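Asker: What follows is a structure written as structure tokens; I'll ask about it next.
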Amino acid sequence: MAESSTRKVSRIRNDRISVLPGNILEIILCFLPIRDAVRTSILSRNWRHCWTTVPNLVFNESIISPNLFDFSVFHRQALKALQFVSAINKVLHLHNGPILKFSLSFPEFHCNAQIIHDYIDMWIPLLSRKGIKHLTLVDSLPEVFREHNFSSLKLTHLRLANFQFPYTPAFGGLIYLRNIELIKVTTSEQSIFDCPVLEKLTLIACKELSHTNFRAPNLKCLHQHYREVILEYSLAGLENIAEYSFRLSEDPIPQPETPNVVNVLSSLHKIEKLSIAKYFIKYLAGGGSPNRLSKLLPCLKTLSIFDIDLTSFSEISCLLCLIRSAPNLCKLRISADVVDEEITHKDNWEEDFEDCTVGHLQIVTFSHFQGFKAELELVKFLLAHSPLLKTMFIHLDSFVTKDIAFEIAEEMLEFSRASSRAQIKYLKCPIDSVDYGPWVNQLNIYADE
């Protein structure tokens, strides 16, 4: 028994975690929920104040008690909000160091959001003194959009969901921002916002805001997701963009006389990664598509087109236009929406085939493949005109039976291949959506579609 106690004392004395440098402990605590990070103060005297210097604070409804069901709905909502802001106040009061990242997600149900908004106005001066750089605010169930004055904060990253855009041009406030991510954000007035160092802009379902509201000469990444798009949509003035995506949720308005693919993409000479989703390929195909863009896209390496209708002549023509305009294309990602199983537009794939060799294409990923004739024609075309192709990944749709999958594989084995190294492999999971980044992807942005 004595020997066992000695070992126990020895283990306590050889506590390797507690003797780690303070900055390492801070990194460890940053991976814990704030409630658990605070609880480490009871471990020992050495741990009592460790959490108070953690630079990243993340608050959500896990910090409050769910047992408020003995009150009326109105009082329960107020009590939940007060309990929430009270817990945050205690953490902020005891915190004894810089706060570089502050993330706040409102409780999802039965909560008075107005109270939380009032406290946000009170916390802004404190966050300014603490040197905040990254700010994230998510109102889960917005009733009233509130505007907050963040002009005193020297933010480099701003993430808002279900908020009003917090900016008045007269006060500045955006000159340090490098990354803005907005989901369902409104604005009280149409203004031009100066963002001289902004590099990434994400706009998801922001009805009153578009990229034209931001003067960002150094913008390199633009993600947009809207229900509808105006006829005069253009990316003029954004010549430095290297990554661009657009997801259009609703069928576009009637087609114009001039090609949309020219109007939208002709100025993106530095584009490296292009993603098109839902109805945006139909919008680009509006007005017809030239054989290729007059100014090529020599830097374009990755092209993703999701939900293309391979039975639509105009959308196929637009796809071929983009392929011809990207002489250095390396990766192609496709997911198809076949409206009519019998339509193939086979002649469209065969004409001018010598003028459409994809000389640098190495990887093709086809998601939700169902084995329709139109899909097989595209596979046949790519295999025959990609001399450097290494792998074509096929993800079979869940409706495809084993027998049909075997027939599809047999038919594709008979297709001629320009590359002797080309292999066809099968994927378990599809690649069928735009990658907006980890924060946007974790939110259910497709719920209203």
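The values are calculated or read from the model by the stated rules, or taken from the named source; none is laboratory data. Remember, predicted model here, so these are calculated numbers, not experimental data. Glycine gets a Cβ as well: all are built from the backbone with ideal geometry, and neighbour counts include every protein chain shown. All accessible areas refer to the heavy atoms of the entire protein, side chains included, with ligands and DNA or RNA removed. Shrake-Rupley method; radii C 1.70, N 1.55, O 1.52, S 1.80 Å.
Asker: Given labels modelled 7 Å from the Cα in the Cβ direction, how far is it in nm from S62 to I192?
Answerer: 4.5 nm
Asker: Let me ask another. Place a +1 charge on the Cβ of each Lys and Arg in segment 173-272 and a -1 charge on the Cβ of each Asp and Glu, then give the dipole magnitude about the Cα centre in debye, rounded to the nearest 20.
Answerer: Here the size comes out at about 300 debye.
Asker: If you take all C-alpha pairs in segment 86-127, what percent of them are over 14 Å apart? List each step's numbers first, then the result.
Answerer: Values: 456 of 861 pairs.
Above the 14 Å cut-off, segment 86-127 has 53 percent of its Cα pairs.
Asker: For segment 357-435, which trypsin sites (Lys or Arg not before Pro) are both in a DSSP coil and crowded by at most 14 other Cβ atoms within 10 Å? Don't skip to the answer; put the middle values down first.
Answerer: Working: sites: K373, K380, K390, K402, R417, R421, K425, K428; in loops: K390, R417, R421, K428.
Taking segment 357-435 and a limit of 14 other Cβ atoms within 10 Å, the loop trypsin sites (Lys or Arg not before Pro) found are K390, R421, K428.
Asker: Provide F106, F399 ordered by accessible surface of protein heavy atoms (probe 1.4 Å), highest first. Numbers along the way, then the final one.
Answerer: On the way: F106 10, F399 165 Å².
Descending accessible area places them as F399, F106.
Asker: Kindly provide log₁₀ I(q)/I(0) values, in the same order as q = 0.13, 0.17, 0.18, 0.22 Å⁻¹, from the Debye equation applied to equal alpha-carbon scatterers of segment 206-276.
Answerer: Values, matching the q order: -0.37, -0.65, -0.73, -1.11.
Asker: So how much slack lies between S234 and F406, counting 0.36 nm per residue of separation and subtracting their Cα-Cα distance, in nm?
Answerer: Details: separation 172, 0.36 × 172 = 61.92 nm, distance 4.50 nm.
Fully extending the segment from S234 to F406 adds 57.4 nm.
Asker: Something else: Cα centroids of segment 257-318 and segment 388-449: how far apart, whole angstrom?
Answerer: Segment 257-318 and segment 388-449 have Cα centres separated by 21 Å.
Asker: Hey, how many Å between the Cα centroid of segment 226-242 and the Cα centroid of segment 76-106?
Answerer: 39 Å
Asker: Distances over 20 Å make up what percent of all Cα-Cα pairs in segment 204-342? Please list the in-between numbers first.
Answerer: Details: 4074 of 9591 pairs.
Tail of P(r) above 20 Å: 42 percent of Cα pairs.
Asker: Separate question: Using 0.36 nm per residue of separation minus the Cα-Cα distance, give me the extension gain between N96 and I28 in nm, one decimal. Mind showing how you got there, number by number?
Answerer: Working: separation 68, 0.36 × 68 = 24.48 nm, distance 1.74 nm.
22.7 nm is the gain from fully extending N96 to I28.
Asker: Kindly rank 304-313, 286-295, 149-158 from highest to lowest mean number of other beta carbons found within 10 Å of each residue.
Answerer: 304-313, 149-158, 286-295
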